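First comes the structure, then the notes that go with it.
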């Protein structure tokens, strides 16, 4: 490594909603941060898996899409201008006198006083179909995530899965007026069981849509084979009740869930419980002083994996980090509505 390590105050691992809000909370306290994410774009699971999915439980925002939430968070942190390094993974963390020596997959090193792990479920990959040669057609007609549902308008879509993501997307297509009104649009849901893992309300909705013939259900069914013509999907052969059933299809969407992997984080000596990092709820600090964990990857009694919970965790972690970065200096709670200092940091003009 030819370059000297760069000294910083705060390093955030993960550019999802909690990681972005962590940068905001640190910025309010006058702490600059750098965000690193192994993905090639900002947004974590929100942008990668369900950018168009509506979110209803963000305080003060009755409804927004997952991508709109990410866009708004990016807008919110603009005054602090945190550096965001994408397509890069933290591969090494070593305790040193002045904090931690961090090494990334691009052989860049930082000496940081604090680390915030906001990695969601960690490094993750979609669980894939196990069928010979089908992987050759990924991003042609086989998809494990949806980036623009409008590109699927007029398609005969077959969705595989029985969890929340599969149900949500089947419902999303079946109730989208533009999709329903297009004569070429169809949506089917294939599940290997007749019981679903999704929320009861979603299960009831999918059953009702099936009764209305807006969704075709193929329960206790698995994929046996497929037929293509010049790399275009023509049909799928399902196996059900000892018989084969051939159905027409243009697009296959697979939502079997994620296979989360902590990756290098597992080797940092943190207290880990079922792929989550144990923290205390006073500061969301881990068993290593100066290393915090927030969002889905953090675990504590009563933990609820909600974005709004992660926002709360980020706020308390930021105050705890301030005491580490500036030891002995009292940290006063201030409000953005009345504090001239906070308004100055936010770039709010005085009236």
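Compute the angle between helix 164-174 and the longest alpha-carbon principal axis of the chain, please, reported from 0 to 90 degrees and rounded to the nearest 10. Long axis of 164-174 versus the principal axis of the chain: about 60 degrees.
When ranked by the protection proxy of mean other Cβ atoms within 10 Å per residue, highest first, what sequence do the peptides 199-209, 9-19 form? Intermediate values should be presented prior to the final figure.
Working: 199-209: 14.8, 9-19: 27.5.
So the peptides 199-209, 9-19, ranked by packing, come out 9-19, 199-209.
The DSSP beta bridges internal to the chain are antiparallel in roughly 50% of cases. The relative contact order of the stretch 158-302, computed from alpha carbon pairs under 8 Å that lie at least 6 residues apart in sequence, is 19 percent. Percent of C-alpha pairs per 5 Å bin in the stretch 128-256, short distances first: 2, 10, 23, 25, 22, 13, 4, 1, 0. Principal-axis analysis of the Cα atoms of the chain puts helix 200-211 at an angle of about 30° to the longest axis. P(r) tail for the chain: Cα pairs beyond 38 Å make up 28% of the total.
Axis of helix 66-76 versus longest Cα principal axis of the chain: the two differ by about 20°, to the nearest ten degrees. Ranking of 316, 131, 333 by neighbouring Cβ atoms within 10 Å, starting from the fewest: 333, 131, 316.
Just so you know, all these numbers are worked out from the coordinates, no wet-lab data involved. Nothing here was measured: the structure is a model prediction, and the numbers come from that model. Because the Cβ atoms are built from the backbone with ideal geometry, glycine has one as well, and the counts that use them run over all protein chains shown.
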